[in-house]
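Reading through the structure tokens given below for one structure.
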Amino acid sequence: MPRKVQSIPFKASISAGWKQIMQSKMELLYESINLDSLLKGAVGCGSKIGFWADCWVLNYPLMDAFPALFALDANKRCKVRQRVGWSGPNVTWSWEWKRRLRGAAEEEQLQQLKEVIGNYEFGISSDKWVWLGDESGKYSVKSLRYIIDYNRLPSDLNPMSWCHWIPLKVRCFMWRARLDRIPAKTGLIARGVGIGGGSCSLCIGTDESHSHLLISCPFASRVWDKVAEWCGVSRLESNGLRDVKVITEDEVGSNKLKMAHCAIYMATCWYIWLARNDRIFNGIPVAVQNVVDKVKVHVFMWLKARAKLVDLAWHKWCNFSFSNFPV
């Protein structure tokens, strides 16, 4: 039995490193991500790009577009140069059929194939590969990561800002919170976890959803008011975490100023969450000013250590405002 023709050949006996790469390629197919369709050949001399197996003239291989002709070719792994010759606008053909074409269907496919290739603009340099996952045409891990996230994450979710000034555990917490994946009581009950009741741990009133706990709970609301007062800004009403995040990204100013605002926003959510946990698991009473003080202290430490803002002094930080932020 002849081996299946692939754009990237794969054998079971291949070395371990390349084998893992190919297995990852197959796993991405389950995410509706076809790496073969993201790599497109730009034909120059035509000696390196497969005529049938590689994507070059279309966004998918010619063997899929013209299966009857592909089945008739005696050399299915032929290169573009072995089938097509070009000199300016003139194109010549060199076929190796197993037999003569029969019937209107095969003749029609051949005519369509010639029309498709006849409109292609051949280059004059060597063949190269173009990555369709980025406007630059160059592959990067970041561009593939974006494609994977775009397919996996909910389409209505605003992109998460991964500010490197903020500790990783806080960033991961915010990412999970915006996906409603933190263990708030309503989420635990929905997953069948018996916790005795769903009322908010901080206000003992409304059901404890992630949005209520971190934004609209009376305790959280007083914390946000204090933080807004400290920053010298008016607090904007919001319906949830996504709205607050949009507010922080729409602020005018330098990138450092926006990242400082983002750090304050994430730290506020984080220490509201820790205050809730202290009350449940350690029996520690919650206090608005205590949470606000922790936000001030820890964001100051983050900015000094991670953002390297050497001109940031504690006495100025305690009287913080976005108008005099050292940028």
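Just a few scattered comments:
- Listed by chain and number, the lysines placed with their C-alpha closer than 22 angstrom to that of LYS79 are LYS4, LYS11, LYS40, LYS48, LYS98, LYS114, LYS128; residues fewer than eight positions away on the same chain are left out.
- Cβ crowding within 10 Å ranks THR92, THR206, THR268 as THR92, THR206, THR268, fewest other Cβ atoms first.
- Annotation for segment 50-122: trypsin sites (Lys or Arg not before Pro) lying in DSSP loop with at most 16 further Cβ atoms inside 10 Å of their Cβ are ARG77, LYS98, ARG99, ARG100, ARG102.
- Extension gain from LYS98 to LYS25, taking 0.36 nm per residue of separation minus the Cα-Cα distance: 23.0 nm
- Ordering GLU27, GLU121 from the fewest to the most neighbouring beta carbons within 10 Å gives GLU121, GLU27.
- Sites GLU108 and LYS128 - FRET efficiency at Förster radius 22 Å, r taken between beta-carbons, to 0.05: 0.10
- Full extension of the chain between TYR120 and ASP278 yields a length gain of 50.2 nm, computed as 0.36 nm times the residue separation minus the alpha carbon distance.
- Going from the residue with the fewest nearby Cβ atoms within 10 Å to the one with the most, ILE124, ILE117 rank ILE124, ILE117.
Any read-out appearing in this document is the output of simple, stated calculations on the displayed coordinates, not a laboratory observation. Note that the structure is predicted; figures quoted are calculated from it, not measured. Every residue, glycine among them, receives a Cβ derived from its backbone with ideal geometry; neighbour counts consider all protein chains shown.
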